[in-house]
Amino acid sequence: MFHISKNKCVGCGLCEAKCPAKAISINDQGFAVIDQEKCIQCGLCEKICHQSASKNITERLTFAIGTDNGKIIKQGEHIGESRYFSIWDYLEGGMTFREKRENIKYEENESLLHGDPKKAEKVASVLNGVDIIVGKMIGPNVVRMRKKYVPVIIREPSIDKALKIIKENINEIVDEYHKQDRKAIILN
Ligand code: SF4
Ligand code: SF4
């Protein structure tokens, strides 16, 4: 399924003009969106976009969002302090809620200034099968675990709005997911 990245698109309208299925329009925020019901998967928008904003996304990715209540992303503390993780699957442009996973409480060794690796191991056991972790603040433990997960920082507190932000920027997340040396992505 082709998807246009909000962050990369400059709204030039080239793909809108050339799409053989008239599936692309420029929205009121000034970036191109694809009507998936009209798209015939020809790939022309990916070929002609000078910003590399259009991409065929085929991956199924599992997201873990750190939260205390399922509505708001954990605020004020690192994601590892979340009461639980809300697990979502991304597939073909949609985010589907899968389950809630309780976090494991662990007494951190406060003498370790830059994060306790044993705590990281405990959190990792809760995040089995997860590809992307989402929080407002990502601590050093999570940064250490970039080989396992792509850390995504979202400033917007509402999980509903964060899901929309994830979908709008899925191209960047997929790109980072496939890199050897992953970095945290900040999305607003
Ligand atoms: S996706 Fe590319 S070609 Fe289409 S409007 Fe955005 S920048 Fe222009
Ligand atoms: S893949 Fe083809 S049909 Fe689909 S939006 Fe792009 S140009 Fe249009």
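Quick note: the coordinates plus some simple rules give every number you see, no bench work behind them. Quick caveat: nothing in here was measured; it's all calculated off a predicted structure. Virtual Cβ from ideal backbone geometry, glycine too; neighbours counted across all protein chains shown.
Quick notes
- Residue with peak Gaussian network fluctuation, the chain [Cα springs, cutoff 10 Å], from 102, 81, 168: 102
- Loop-located trypsin sites (Lys or Arg not before Pro) in region 1-38 whose Cβ has at most 14 other Cβ within 10 Å (DSSP): 22, 38
- Counting 0.36 nm for each residue step from residue 8 to residue 160 and taking away their Cα separation leaves a gain of 52.5 nm.
- Theoretical FRET efficiency, 1/(1+(r/R0)^6), r = Cβ-Cβ of residue 102 and residue 167, R0 30 Å, to 0.05: 0.70
- Think of it this way: in the chain, 9, 12, 19, 39, 42, 49 stand alone, with no other Cys Cβ under 4.7 Å.
- Considering only 85, 63, 97, the Gaussian network model of the chain with Cα springs below 10 Å gives its largest mean-square fluctuation to 97.
- Estimated [θ] at 222 nm from DSSP helical runs (n ≥ 4, -39500 (n - 2.57)) normalised by residues in the chain, nearest 500: -6000 deg cm²/dmol
- Exceeding the 26 Å Cα-Cα cut-off - candidates 74/148; 38/148; 8/38: 38/148
- Euclidean distance of C-alpha centroids, region 12-71 and region 144-188, integer Å: 17
- In a reduced charge model with +1 at each Lys and Arg Cβ and -1 at each Asp and Glu Cβ, the chain shows a dipole moment near 180 debye about its Cα centre.
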